[in-house]
């Protein structure tokens, strides 16, 4: 499955050439995982590879989620793919800013969780880890116990160190080195 995902990411999501990243840095390559994640085969591969990572801790895990919009298809896909587990995983989405009406929540789907439920944060791409740690902070403010982070792609630019130094598990499906070759 991982080899198939690697080929798909290279074909649909990898671009070379200068581009400005969210972190403000300029890079000579870009990985836009949305093209892979919004393809039925891509989300199937990603969801099942993530479930392989999460299976050993599934007894303690209640849900998966992350920052909208990159984590939305991943959280939904992983939740759906876990339906055959004894305890399927719930999904949640973290807004970039709280709703300005209704419940004014940062976290969508939070009503399905209890205080201190254990979750994993999903990411499409990790560069410096800043967005991941922001998602962790917001999930914790909503009362969730964040165990770790899983990303589709680690750009290998310091994110792993930053996340692990915050005391979190960090897992990745693919790295920059694997994609670029």
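Every read-out reported here was derived from the displayed coordinates using simple, explicitly stated rules and does not represent laboratory data. Every value quoted in this text rests on a predicted model; they were computed, and no experiment measured them. Here Cβ is always computed from backbone atoms with ideal geometry, including for glycine, and neighbour counts include all displayed protein chains.
Computed over the range 12-107, the P(r) curve from all C-alpha pair distances, binned at 10 Å from the origin, holds 15, 35, 32, 16, 2 percent per bin.
Averaging the sequence gap over all C-alpha pairs within less than 8 Å and six or more residues apart, then dividing by the number of residues, gives the range 52-180 a relative contact order of 22 percent.
Picking from 167, 158, 109, which is most flexible by a Gaussian network model of the chain using Cα springs under 10 Å? The residue that fluctuates most here is 167.
Please report the projected area of the range 52-180's Cα convex hull averaged over all directions, in nm². The number I arrive at for the range 52-180 is 7.8 nm².
Once both labels are positioned 7 Å from their Cα atoms along Cα-to-Cβ, the gap between residue 134 and residue 34 label points is 1.6 nm. Each of 161, 28, 117 was scored by other Cβ atoms within 10 Å of its Cβ. Arranged with the fewest first, they read 28, 161, 117.
Fewest-first ordering of 12, 155, 95 by other beta carbons within 10 Å of each residue's beta carbon gives 95, 12, 155. Modelled label positions at residue 60 and residue 22, each set 7 Å beyond Cα in the direction of Cβ, lie 2.6 nm from each other. Based on DSSP H runs of at least 4 residues, each adding -39500 (n - 2.57), what is the mean residue ellipticity at 222 nm of the chain after dividing by all its residues, to the nearest 500 deg cm²/dmol? It comes out at -10000 deg cm²/dmol, rounded to the nearest 500.
The fewest-to-most ranking of 156, 11, 123 by surrounding Cβ atoms within 10 Å reads 11, 156, 123. Approximating the spin labels as points 7 Å out from Cα along Cα→Cβ, the residue 114-to-residue 165 distance works out to 3.7 nm.
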